[in-house]
Amino acid sequence: MPADAPRPILLIQTAFIGDVILATALLEYLRETEPATPIDFLVRKGNEGLLRQHPHVREVLVWDKRQDKYRGLWHLLQRIRGAGYGRVVTLQRFASTGFLTAFSGAPERVGFRRNPFAFGFTRAVPHVIGAGVHEVSRNLTLLDPGYQGPVRPPRLYPAPADEAAAAPYAAAGPYVCIAPTSVWFTKQFPEEQWLKLLAALSPQYTVYLLGGPPDVSACQHLLERTARPGVVNLAGKLSLLASAALMRGAVLNYVNDSAPMHLCSAVGAPVCAVYCSTVPYFGFGPLSPFSRVVQIREELECQPCGLHGYRKCPLGHFRCAYGIETSQLLAALAEAKG
């Protein structure tokens, strides 16, 4: 490396898929403000496919949290310390990534103030949920403490192979995509509610059910229960980036407050985000050019019941989901068409 070349920066985000997608907004910002700075990115095992061919990422580091979790963390620290990073930035408030940052040996070590290892950071930034601040803007303060600019959408770059995988389905005529599942039960629009939407959708649309390998059975069960023709289960058949390429060409994508919503934001795909137990006020809302949020119309004292969601409704009624009307979803489609 030439003596005057900028030292590389390491971004760390080892949480869920959606968190990694939102973090790509920082890659775009760095590309604009520091085009000569090499950028590496650390993710948990399973999420590396999102960034392997990203044009702004030099190298993807992977932490396997399930096998040799702490030994792997120690090996990562040795690798990070030997890489000569000028800055290490963790986007998380958890001890593991704070540990890597605090002891990275980088001259600049940045993270959120709530991280247990913030004492080892050279700069610790407040992390405030709510107040209408989007997660992207919260993250950008790690790079620029005074950032007051617009909420920048994340961006992903499907490779030619991803585009080719999506192309046969995109060529089938007008279509709608539904990503019906979520890691969190109370973020997931119930199957009965999706069935109502499927029954109400115009037959002119092919409907693609999307998800990863863990979602195959849920999507298949939904397919088997609907009497509507033209529903295709693609769960587990497309990579994340191929799914994003397919969603980009849809008339509308119906999603939960989950990773597929952020996939839409990252490729500018039209999206209708169904919010059950959570609310956009937390700062994780959709950022596509055409974005609609659907929630129950009435105010519930119990909503939101938490930042991420639960394995079941704490009160047992799950009214925030069952109170949403199919007409609200169809209204978003009418707007997207026109």
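Might you tell me the accessible area per residue for the chain, computed with a 1.4 Å probe and given in Å²?
Numbers: 15010 Å² over 338 residues.
Accessible area per residue: 44 Å².
Residues whose amide H lies under 5 Å from that of TRP63, counting only those 5 or more places away or on a different chain, are VAL43, ARG44, LYS45; hydrogens are built 1.01 Å from N in the peptide plane.
Residue-wise HN-Hα couplings along segment 178-188, as the Karplus relation 6.51 cos²θ - 1.76 cosθ + 1.60 with θ = phi - 60° gives them from phi, are 10, 10, x, 10, 8, 4, 9, 4, 7, 8, 9 Hz; Gly and Pro carry x. From the alpha carbon centroid of segment 196-214 to that of segment 93-128 is 43 Å.
Measuring nothing but protein heavy atoms, the accessible surface of segment 82-158 at 1.4 Å probe radius is 57 percent carbon and sulfur. Label separation (GLU325 vs LEU307): 3.5 nm, computed from points 7 Å beyond Cα along the C-beta direction. Only helices enter this figure: runs of n ≥ 4 DSSP H residues, each worth -39500 (n - 2.57), summed and divided by the residues of the chain, yield -9500 deg cm²/dmol at 222 nm to the nearest 500. Taking θ as phi - 60° and the Karplus parameters 6.51, -1.76 and 1.60, the scalar couplings of segment 132-142 work out to x, 8, 6, 4, 4, 5, 4, 5, 5, 5, 5 Hz in sequence order, x denoting glycine and proline. With Cα atoms defining each centre, segment 281-338 and segment 179-195 are spaced 11 Å apart in the structure.
Separation of segment 1-39 from segment 45-66 is 12 Å, based on Cα centroids. Of all lysines in the structure, the ones whose alpha carbon falls short of 30 Å from that of LYS65, not counting any fewer than 8 places away in one chain, are LYS45, LYS187, LYS237, LYS312. Of LEU77, SER182, PRO314, which is farthest on the positive side of the dipole of the chain, counting Cα position, with +1 on Lys and Arg Cβ, -1 on Asp and Glu Cβ, and the Cα centre as origin? My answer, from the dipole projection, is LEU77. What the phi angles of segment 108-119 give under the Karplus curve with 6.51, -1.76 and 1.60, with θ = phi - 60°, is a coupling list of 10, 10, 10, x, 7, 4, 6, 5, x, 9, 4, 4 Hz, glycine and proline written as x.
In the chain, Cα pairs under 8 Å separated by at least six residues give a relative contact order of 15 percent. Backbone amide hydrogens, once placed in the peptide plane, bring VAL231 within less than 5 Å of VAL207, excluding anything fewer than 5 places away on its chain. Computed from Cα positions, the angle between helix 69-82 and the longest principal axis of the chain comes to roughly 50 degrees.
The values are calculated or read from the model by the stated rules, or taken from the named source; none is laboratory data. Please read all numbers here as calculations on a predicted model, not as lab measurements. Here Cβ is always computed from backbone atoms with ideal geometry, including for glycine, and neighbour counts include all displayed protein chains. Just so you know, the surface numbers come from the protein's heavy atoms only, side chains and all, with ligands and any DNA or RNA stripped out. Shrake-Rupley method; radii C 1.70, N 1.55, O 1.52, S 1.80 Å.
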